[in-house]
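Written below as structure tokens is the structure these notes are about.
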Amino acid sequence: MVKTHTPPFLSINDLDATFPDGNGGLQVLKSISFSVYPQEFVCVLGPSGSGKSTLLRILAGLLPPTSGEIVFQNHKQPRIGFVFQQANLMPWRTTLQNITLPLELENIPADVARRKAQELIDLIGLNGFESSLPRDLSGGMAQRVALARALAHDPDVLLLDEPFGMLDALTRERMWTELSRIWQVSQKTVIMVTHSISESLFLADRVLVLTARPGRIKLDLPVNFPHPRLEEIRYTKHFGALARELKDSIE
């Protein structure tokens, strides 16, 4: 779904991030430059401490870069949806009420918010759980609700920070298929941080590999499997070859 003949949705030029530490500063990211195109799914991979989550938070506007330039399409600040590793649902709110929360904060009329939330519940496949509290949901179900909540205000870009990192292996793999399906329906631009090589190859159009701190882009790998992707691609020679290339670049 990469549309490289169109202008980039996002361009990052020479981005650096240094945190004060009382000892000259801790440089987390160095000379990061890349572009992301509309409706593209990009995964960011790298060793722990390479600055992956810091990069995502800078893109979300939650942290300022030390230097460098971030340019969005038409130079307009986009609407951003963010999903963290933990679902962080409001425990006293039902599934439907958790999804309507960002719409309530925008003063969207209640009937419109409920209708939008119900559409998203249909999309994430949780019909029948509209009135369930988070304590009654499995980890995978809770992350689906978090994803629907992030989509509720129709963001221009979806930022995912290891959203399946807390799930068991089988649930995590099922969520890859679900996320891929939701992405294809919603047509969003997605940037996702992950530690999983298989996850990145199953989901992404491109995988960016960061070096150890300070994080630099070591590899920008296109993933040319067609969408929708089936489980069987994980057992192909090409998938294995790409996985080896990613593993070698991380090591």
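The values are calculated or read from the model by the stated rules, or taken from the named source; none is laboratory data. Just so it is clear, the structure is predicted and the values come from calculations on it, not from any experiment. Note: ideal-geometry Cβ built from the backbone for every residue, glycine included; neighbour counts use all protein chains shown.
Could we say that residue 196 is over 20 Å from residue 57 (Cα atoms), of a type in the set (Ser, Thr, Tyr) and at pLDDT 90 or above here? Spell out the reasoning first.
Details: over 20 Å from residue 57 (Cα atoms): no; of a type in the set (Ser, Thr, Tyr): yes; at pLDDT 90 or above: yes.
The answer is no for residue 196.
Picking from 114, 93, which residue would you name as being of a type in the set (D, E, K, R), part of a helix (DSSP H, G or I) and touching a Leu at 6+ places or on another chain (Cβ under 9 Å)? Step through it out loud before you land on a result.
Values: 93 fails: part of a helix (DSSP H, G or I).
Exactly one residue qualifies, and that residue is 114.
What pairs come up if the first residue lies in the stretch 112-133 and is under 20 Å from residue 181 (Cα atoms) and without any contact (Cβ under 8 Å) to a residue 60 or more places away in the chain, the second is small (Gly, Ala, Ser) and surrounded by 18 or more Cβ atoms within 10 Å (Cβ to Cβ), and their beta carbons are under 9 Å apart, counting only those six or more places apart or on different chains?
Taking only residues 6 or more apart or on different chains, the pairs are 116/152; 117/148; 117/152; 120/148; 120/152; 121/148; 124/148; 126/148.
Residue 202 - would you say it is crowded, with 19+ Cβ neighbours inside 10 Å, among the aromatic types (Phe, Trp, Tyr) and at pLDDT below 95?
Judged against the criteria, residue 202 is not a match.
Since residue 17 meets every condition but one in (1) under 19 Å from residue 75 (Cα atoms); (2) in contact with a Ser or Thr (Cβ under 7 Å, 6 or more places away or on another chain); (3) among the small types (Gly, Ala, Ser), which condition does it not meet?
Of the numbered conditions (1) under 19 Å from residue 75 (Cα atoms); (2) in contact with a Ser or Thr (Cβ under 7 Å, 6 or more places away or on another chain); (3) among the small types (Gly, Ala, Ser), the odd one out for residue 17 is (1).
Yes or no: residue 242 under 27 Å from residue 18 (Cβ atoms) and buried (at least 17 other Cβ atoms within 10 Å of the Cβ)?
On the way: under 27 Å from residue 18 (Cβ atoms): no; buried (at least 17 other Cβ atoms within 10 Å of the Cβ): yes.
Answer is no for this residue.
Criterion first (out of contact with any Gly (no Cβ under 7 Å at 6 or more places or on another chain) and modelled with pLDDT of 95 or more) does residue 210 satisfy it?
no
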